[in-house]
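Take a look at the structure below.
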């Protein structure tokens, strides 16, 4: 949402191309106070902002006590802003890609756990597993495709116990294929 509103791309971790790093630096400086001298200081400031958004954020400061709806709305706001800050901090080279993805995946999990509209098929961990399986499927045919179809079938129609069982089975098979493929 923030990316599109501000003319940036949401298809990659960095919101802008390499020539527009100043936009990320400016956004972090003006909106979040990430202004320290030196990379280590800015890294610490960016991580503090991400930690604040993840642990307390606007929901702790702006929601009236007992107003559950406002707290939930502000949680969504904090999650979205946290992902935006992580992307810009990565783009500005204040944090690593690994740190940005760690925060982004944590935000996705928080959204999935907090908002019941997330279907099992749309969960990040399940989508990542299917993407991994499909990548390996292109390299190793046969049982992989059958396992993918079975996993997607339980995601569509299964109960959580069946999903977890099939998920473990597919993950173990992919781990084995990964090990064998790398040898």
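The values are calculated or read from the model by the stated rules, or taken from the named source; none is laboratory data. Bear in mind the structure is a predicted one, so any value in this text is a computation, not a measurement. Virtual Cβ from ideal backbone geometry, glycine too; neighbours counted across all protein chains shown.
Would you be able to say whether some residue in segment 59-74 is in contact (Cβ under 8 Å) with a residue 60 or more places away in the chain and either in the same structural domain as residue 17 (by TED's automatic domain parsing) or surrounded by 15 or more Cβ atoms within 10 Å (Cβ to Cβ) (or both)?
The answer is no; no qualifying residue exists.
Results for (1) in a helix (DSSP H, G or I); (2) modelled with pLDDT under 85; (3) closer than 14 Å to residue 126 by Cα, shown as yes or no for each residue.
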position: 138; (1), (2), (3): yes, yes, no
position: 141; (1), (2), (3): no, yes, no
position: 147; (1), (2), (3): yes, yes, yes
position: 155; (1), (2), (3): yes, no, yes
position: 163; (1), (2), (3): yes, no, yes
position: 166; (1), (2), (3): yes, no, yes
position: 171; (1), (2), (3): yes, no, yes
position: 177; (1), (2), (3): yes, yes, no
position: 181; (1), (2), (3): yes, yes, no
**Asked** Is it fair to say residue 97 is at pLDDT 90 or above, closer than 17 Å to residue 112 by Cβ and surrounded by fewer than 16 Cβ atoms within 10 Å (Cβ to Cβ)?
**Response** no
**Asked** Is it the case that segment 78-87 has a residue that's more than 15 Å from residue 53 (Cα to Cα), in the same structural domain as residue 42 (by TED's automatic domain parsing) and in contact (Cβ under 8 Å) with a residue 60 or more places away in the chain?
**Response** no
**Request:** Find the helices (runs of 4 or more DSSP H) located wholly in segment 1-84 whose residues include 1 or more that are closer than 17 Å to residue 100 by Cβ and modelled with pLDDT under 95, and list them.
**Result:** 2-5, 21-32, 39-55
**Complete:** When every residue in segment 144-157 that is over 12 Å from residue 130 (Cα atoms) and touching a helix residue (DSSP H, G or I) at 6+ places or on another chain (Cβ under 7 Å) is compared, the one surrounded by the fewest Cβ atoms within 10 Å (Cβ to Cβ) is 156
**Message:** As an exercise: evaluate residue 130 against (1) modelled with pLDDT under 80; (2) at negative phi and give the number of the one condition it does not meet.
**Reply:** (1)
